[in-house]
Amino acid sequence: MTSKHVAVLMGGLSAERDVSLRSGEACAKALEAEGFKVTRVDVDRRVAETLAILRPDVAFNALHGRFGEDGIMQGILEMLRIPYTHSGVLASALAMRKDRAKDILHAAGVPVAKGLTVDRLIAAKNHVLPPPYVVKPVSEGSSFGVIIVRKDQAHPPQELTRNDWAFGDQVLVESFIGGRELTCAVIGDKAYAVIEILAADGGWYDYDAKYAPGGSIHVLPANLKENIYQNVQELALVAHRALGCRGVSRTDFRFDDSPGGTGELVVLEVNSQPGMTETSLVPEIAAYGGLSFGELVRWMVEDASCDR
């Protein structure tokens, strides 16, 4: 029996290119070890032509950020009729657009932080929410462009006025939710374990904490009361379904159980194409659930499909 030919899509055009290259290489090596024929594709604007020539059986989408996980690459693959991993066009576009995703999650009964979408220059002119709050680009990942405005900060963030700001003119401004950083993966139609994430330097979970070796501490399983733990899993599954995700997704939470805290548990966002690097959360969660990295990527290839 001839093994499937898998094109691993990696790199790409977004700010998350380096992360994608690492994810893609890790997945490519694991797929080769599983017996698949693998072609690594560093995605550029000629990717449709490249894939039309390659004609792989499956595209393993290891892209991150704009043009890769926002529905654009998924649309190209639909046109070429190449089955692909992760979510389809609509779910990918919705999950990537944080403010639109929040509207859908809220309508589905998922608790989300209060916020509004504004032009970045407006957010730089006046506080549009009482501090503390968080400013984030509406369509970026890996904490690119995220700014935390502290309670005692007199002026709004002036970084938003920079001429070299590369994260779009629309930003989502949300009330800051204190407490613990939690995440839960959905694989197929099952919510897996919950991890608590702590930045090793005691700060917030920024790009370095996410991707630098030793940058974060993962508590797996998270030390939560049983009812809270189950609630996180249930909300991750509701969020996955509400956005129409398929395959693998990861939902990020904040839980404020600190002394004198609000007790809030809110969903920050759903990542329809989570990282697959050596420090990434989904492979760690899957392994805890008895699914090795090789088994995970094999399952993802076997699960690949087109929406239409």
Heavy-atom accessible surface of region 1-152: percent carbon and sulfur, 1.4 Å: 57
SER87, SER305, ranked by accessible area, largest first (probe 1.4 Å): SER305, SER87
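Within the chain, what percent of beta bridges assigned by DSSP are antiparallel, to the nearest 5?
On the way: 38 of 50 bridges.
Of the beta bridges lying entirely in the chain, close to 75 percent run antiparallel.
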With Cα atoms, 0 to 90° folded angle of helix 98-107 axis to the chain main axis: 80
Zero-based 10 Å bins, Cα pair distances in the chain, whole percents: 6, 27, 36, 22, 7, 1, 0
Per residue value of the accessible surface for the chain (all protein chains in place, 1.4 Å probe), Å²: 44
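Mean separation of Cα pairs under 8 Å and 6+ residues apart, divided by the residue count of region 61-187: what relative contact order is that in percent? It would help to have the intermediate numbers written out before the result.
Details: 181 pairs, mean separation 32.1, N = 127.
After rounding, I find 25 percent.
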Pairs beyond 25 Å (Cα-Cα), from LYS102/LYS136; LYS125/LYS151; LYS98/LYS125; LYS136/LYS225; LYS4/LYS29; LYS190/LYS225: LYS136/LYS225
With Cα atoms, 0 to 90° folded angle of helix 226-242 axis to the chain main axis: 60
Helix axis angle, 17-33 relative to the chain longest principal axis, alpha carbon, degrees: 40
Contact order normalised by residue count of the chain, Cα under 8 Å, 6+ apart, percent: 21
Percent carbon-and-sulfur accessible area, region 212-308, ignoring ligands, DNA and RNA, probe 1.4 Å: 49
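The values are calculated or read from the model by the stated rules, or taken from the named source; none is laboratory data. Worth saying up front: this structure is predicted, and the values here are computed from it rather than measured. For the accessible areas, the whole protein counts, side chains as well, though only heavy atoms, and no ligand, DNA or RNA atoms are used. Shrake-Rupley method; radii C 1.70, N 1.55, O 1.52, S 1.80 Å.
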